[in-house]
């Protein structure tokens with residue numbers, strides 16, 4: 001469903017002056033190297049407090065606006081009748097300092113390994129590649145970490161960094177102002193990251209602005225060229241062969257970019273409200289989740305050098321916003337997080353996805369998801385991360401609940417732990433939060449359900465899980481239903 005050219009006579013063509021003012025390459029982006037600082041790796045034994053407004057947002061932007069430092073943290077109840085990790089009675093865990101752990105114990109340890117803290121902004125995006133971790137915040141800085149130490153960084157004056165994705169030698173960053181920046185690491189000096197472009201390109205904007213058919217209505221009484229996003233970028237993802245980049249936006253559209261020449265191939269009128277997430281499956285399938293409460297499946301078709309996406313299935317239609325999506329590595333199962341704290345999932349049957357169950361483990365909105373192997377991670381506005389393991393029969397078990405953040409968990413990234421020996425296929429999980437920190441966790445897929453607290457090396461705790469999985473359709477208590485009614489369009 002591509003955006004059609006706006007043939008109405010009331011369109012207003014941009015003047016050259018206005019186009020120059022909106023030049024996507026016209027901001028000052030700098031690359032810089034950090035000196036070794038004492039705050040590059042911080043161990044937070046004291047957990048700060050905060051408060052979160054008792055209102056679930058229609059999409060993730062509201063959690064960014066309502067988090068405030070305070071002396072207390074207010075949460076909302078979960079649906080009663082379904083067990084969750086919070087029904088277990090637990091005693092506080094002791095804190096073990098990282099310096100006191102033996103090297104052998106460190107690599108076999110499950111739990112919190114450390115925290116990356118810089119008091120400069122909330123963490124909105126993460127991307128991991130090998131031994132490097134990229135973090136984006138509302139300070140407009142993209143910082144690069146190596147072995148839990150600050151390695152380098154680069155800055156863009158184009159708004160807070162909402163999404164980061166790595167494609168070979170290129171790094172793409174999506175921003176609050178609707179622009180996508182393209183960066184490349186210097187071959188001579190890996191510390192230097194140079195901005196090599198912007199999507200859409202300035203040349204493409206000029207070319208498209210010359211023809212009336214390229215203008216569409218982007219908001220009431222306002223028109224713009226269809227290749228540009230006119231609201232915040234919410235997520236970025238790559239096609240299977242990494243030749244296409246998909247960007248979703250709060251402007252209700254998904255745009256498709258050809259990485260080779262930075263050309264926008266298509267703009268999809270995807271939803272009736274902000275698109276919060278887009279992910280790619282196999283065989284040309286694309287999934288989108290929106291603040292309008294729907295999850296849609298799109299099929300990509302190639303027509304010569306052009307692409308065309310058609311909606312083939314609507315997986316979910318509900319009152320509360322869909323805030324995040326993830327597809328498992330085998331592309332056989334799709335997970336969606338919602339502002340009601342639930343995680344729905346679907347199993348693939350040939351080219352059709354069927355609803356297979358609901359995971360109940362959070363008190364507040366699920367803001368981010370990640371998947372690796374048979375594990376799924378869900379981060380929430382309740383400050384916790386649930387670790388779910390898919391069993392052979394398709395059921396899910398909550399292995400543990402990771403709690404160490406003092407603010408909503410906004411983003412997750414996971415990769416295999418290459419340093420773990422002995423055939424241990426452990427995973428390293430990175431979590432970014434509105435408490436301005438990134439935490440590093442080590443999780444073993446083979447680990448049994450925990451029966452006791454596991455003390456974190458940095459003050460974090462892995463809590464006993466309990467049972468928090470249901471194969472039934474979503475059900476809500478009267479209390480949670482009233483909470484969900486508060487979640488409409490609070491941008």
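Tabulated data
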read-out: Ranked 116, 334, criterion: other C-beta atoms within 10 Å, fewest first; value: 116, 334
read-out: Cα-derived Rg over Rh, computed across segment 333-420 with Rh taken as Kirkwood radius; value: 0.98
read-out: Computed Kirkwood radius, in angstrom, where 1/r is averaged over Cα pairs of segment 281-434; value: 16.3 Å
read-out: Three semi-axes of the equivalent ellipsoid, segment 199-257, Cα gyration tensor, whole Å, largest first; value: 22, 15, 8
read-out: Evaluated over segment 157-277, the Cα radius of gyration and Dmax, each in Å; value: 14.4, 49
read-out: 16 Å tail of the calculated P(r), segment 282-331, as % of Cα pairs; value: 47 percent
read-out: 303, 263 arranged by Cβ crowding within 10 Å, fewest neighbours leading; value: 303, 263
read-out: Translational diffusion coefficient (Stokes-Einstein; Kirkwood radius from C-alpha pairs) of segment 360-405 at 10 °C, 1.306 mPa s, in µm²/s; value: 147 µm²/s
read-out: Values of log10 I(q)/I(0), in the order q = 0.21 Å⁻¹, for segment 244-328 under a Debye, Cα-only, solvent-free model; value: -0.95
read-out: Principal axis box of segment 136-181, alpha-carbon based, largest edge first, Å; value: 32, 25, 12
read-out: Fewest-first ranking of 205, 398, using other Cβ atoms within 10 Å as the exposure measure; value: 205, 398
read-out: Shape metrics for segment 152-219, restricted to C-alpha atoms - Rg then Dmax, Å; value: 14.7, 45
read-out: Stokes-Einstein D in µm²/s, Kirkwood radius over Cα pairs - segment 298-383 at 10 °C with 1.306 mPa s viscosity; value: 113 µm²/s
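No value in this document is a laboratory result; all are computed from the given coordinates. As the structure is a prediction and not an experimental result, all values here were calculated from the model. Glycine gets a Cβ as well: all are built from the backbone with ideal geometry, and neighbour counts include every protein chain shown.
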